[in-house]
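Asks: To start, I am sharing the structure in question, which I have written as structure tokens.
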Amino acid sequence: MGINVVNKAVQLDETHQKGVNTSLEHNPTFQTFNGITVHYVFTRNKVQNRDGDGNPLNALKALKQYTIVPMYRNRVMDRTRNVIAKLKDDLVPDQIMPMPSSNGFVGEFAAIVAEVLEKPLMNPSFLRKKTLGEMIAEYGDGQLPKMSPSQLFAYKSELALWRKGNADRDISMKDVSPKIREFFLPLTLAGEFPAVAGQKVLIVDDLMSSGSTMASAANILIEGGKCPVTGLCFLSGLPGES
């Protein structure tokens, strides 16, 4: 079951798997990123002449004027439950933690994961985004990571933009070029670390792109609580993304 996008309306199509492969046969998938195993419920793939491959998620989140009718939305969420059920033997967390998000879809997805896996939800309020000032202090000086010339140009350009911005404003990784997101950890502790030391935590997010935000959350859990971490995303990244 793939998708068609007609005038910003997302439609499901059983005749192909283009845009997003939602088949039970080919899902879930996984990859290892920075030592963390990340599972994907559905797999995105590139489609020529389409206005963005992430449109299904935009529709589910009611963003950018994309829509999906309740019938199709319910079918997607039912398929989501079926795919997650296939992971019950592989995913045995003590806690399920949704990534902090201003959109309610991540929480909805995490609630489905908790329901299917029969595990408790963990409040992510102990995490917050770093401010531009904190990002500049952490990444603005010192030795630069190894990167290509084009990445170096984008990296320095991003730092220059941050220096011109309000130092107290939260970082938005969506505004950072995908080619350099991997070099930044955008989250930090917002307060006291939760009482989950040593517990296995499944971090749940909507979309895997560069993985920088999930890596940042995992780093805090691993360093702060010695928590073994696994990831689960609703959609995979596109082929070629890192």
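The values are calculated or read from the model by the stated rules, or taken from the named source; none is laboratory data. This structure is a prediction, so every number in the text was calculated from the model and none was measured. Cβ coordinates were reconstructed from backbone atoms using ideal geometry, including for glycine residues, and neighbour counts include every protein chain displayed. With ligands, DNA and RNA removed, areas are computed over all heavy atoms of the protein, side chains included. Shrake-Rupley method; radii C 1.70, N 1.55, O 1.52, S 1.80 Å.
Asks: Pick out, from V204, A137, G225, the residue whose Cα sits farthest towards the positive end of the charge dipole of the chain, with +1 on the Cβ of Lys and Arg and -1 on the Cβ of Asp and Glu.
Replies: Checked the options; the winner is A137.
Asks: A further question on this structure: First compute the accessible area of region 117-215 with a 1.4 Å probe, then give the percent of it belonging to carbon and sulfur atoms.
Replies: On region 117-215, the fraction of accessible area on carbon and sulfur atoms equals 53 percent.
Asks: Near the amide H of F33, under 5 Å away, which other amide H atoms are found, from residues 5 or more places off or on another chain, if H is placed in the peptide plane?
Replies: V38
Asks: Quick one: angle between helix 212-225 and the longest Cα principal axis of the chain, in degrees between 0 and 90, rounded to 10, please.
Replies: 70 degrees
Asks: For K61, give me every one of the aspartates and glutamates with a C-alpha distance below 16 angstrom, ignoring sequence neighbours fewer than eight places off in its own chain.
Replies: Within the straight-line cut-off, K61 pairs with D53, E108, D205, D206.
Asks: Counting heavy atoms of the protein chains only and a 1.4 Å probe, report the per residue accessible area for the chain as a whole number of Å².
Replies: Each residue of the chain exposes 50 Å² on average to a 1.4 Å probe.
Asks: Mind checking the dipole of region 9-92: about its Cα centre, +1 per Lys or Arg Cβ, -1 per Asp or Glu Cβ, Debye to the nearest 20?
Replies: Roughly 220 debye, rounded to the nearest 20.
Asks: Whenever you get a sec, line up I222, I84 from highest to lowest accessible area (probe 1.4 Å, protein heavy atoms).
Replies: The ordering from most to least exposed comes out as I222, I84.
Asks: Along each of its three principal axes, how wide is the spread of alpha-carbon positions in the chain, in whole angstrom units, largest first?
Replies: In descending order, the Cα extents are 53, 44, 28 Å.
Asks: Let me ask you something else. Please count, across region 127-242, the pairs of lysine residues with Cα atoms under 19 Å apart that sit 8 or more places apart or on different chains.
Replies: So the count works out to 12.
Asks: Can you tell me the dipole magnitude for region 41-142 around its Cα centre, using point charges on the Cβ only (Lys, Arg +1; Asp, Glu -1), in Debye to the nearest 20?
Replies: Values: 15 positive and 12 negative charges, 98 e Å.
Around 480 debye, computed over region 41-142.
Asks: Let me spell out the model: positive unit charges on the Cβ of Lys and Arg, negative unit charges on the Cβ of Asp and Glu, origin at the Cα centre of the chain. What dipole size does that give, in debye rounded to 20? Working shown, then result.
Replies: Details: 27 positive and 25 negative charges, 107 e Å.
Approximately 520 debye in magnitude.
Asks: What does the extension gain come out to for R169 and A190, with contour length at 0.36 nm per residue minus their alpha carbon separation?
Replies: That pair, R169 and A190, stretches by 6.1 nm at full extension.
Asks: Would you mind checking which residues have amide H under 5 Å from K200's amide H? H placed 1.01 Å from N; only 5 or more apart, or other chain.
Replies: Distant-sequence amide H within range of K200: D94, Q95.
Asks: Expressed as an acute angle from 0 to 90° and rounded to the nearest 10, what is the orientation of the C-alpha long axis of helix 149-164 relative to the principal long axis of the chain?
Replies: The helix 149-164 is inclined about 70 degrees to the chain.
Asks: What value, in deg cm²/dmol to 500, does the helix sum -39500 (n - 2.57) over DSSP H runs of n ≥ 4 give at 222 nm once divided by the residues of the chain?
Replies: After summing the helix terms and dividing by residue count, I get -9500 deg cm²/dmol.
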